[in-house]
Amino acid sequence: MTRNSSQTASEDILALPMVQALLHELLDKLGALQRDGRSDSVDLRRLPLPPGALDALRAWLGAGEIRATVKALGVTTVEETAITGLWWVSQAKLTGEPTGAWIEVSLCPALLMAHAEDLGAAIERLRGRLPDPGTGSRPDPSADAR
C-alpha cells in the first residue's frame, strides 16, 4: 500500500508527544464519564499544537452521525465524532471568524440540552397551542414564536 504525503504528515503529527498527551487526556476523560458520569472538555485553542494538528486530529477521530448548529451571538457547531462521547465543538462570529474550538466529553453536549428553568415557559407555550376543549378552536402557533 502506498501512502501519500498528507497521510504521512498526519501520522507524523499524531505521533507528536503533545498530540499523544491530548489523546491520552481524552481517554482519561472518557473513563471518568463512564465511571462517574462526569462531563468535561478540552479547549483546543489554548494548546500549543503545531500547524495541521487539529485537522489531523479531527480526521483521526472521524465523523459521527449528529451535527447541530446553534445560532446565538454567532454560530456554534457541535459534531459527534466517531468516538462515542467525544464531540467536536467550534464557535465563530457571525462574520465567520473562529472564536473557539474544543472537544466536549459528554453523553450530550450541554449546549444542546434543554434548561430546566425554561420548562415552565415551554409547558405554557404548548398548553397555549392546544385546541380549546370546549370549542375545539386552535390558537395561532406563530403568535408565541421565539
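Assorted remarks:
- Unmet requirement for Leu86, which otherwise passes all of (1) in contact with a Ser or Thr (Cβ under 8 Å, 6 or more places away or on another chain); (2) closer than 19 Å to Asp28 by Cα: (1)
- Applying the criterion of being of a type in the set (A, V, I, L, M, F, W, C) and in contact with a strand residue (DSSP E or B) (Cβ under 8 Å, 6 or more places away or on another chain) to the residues of the stretch 38-60, the residue that is surrounded by the fewest Cβ atoms within 10 Å (Cβ to Cβ) is Val42.
- The set of residues in the stretch 15-26 being under 22 Å from the mean Cα position of the chain (by Cα) and surrounded by 12 or more Cβ atoms within 10 Å (Cβ to Cβ) consists of Val19, Leu22, Leu23, Glu25, Leu26.
We did not get these values from a lab; they are worked out from the coordinates using the rules stated. Note that the structure is predicted; figures quoted are calculated from it, not measured. No Cβ is skipped: glycine too gets one built from the backbone with ideal geometry, and neighbour counts run over all protein chains shown.
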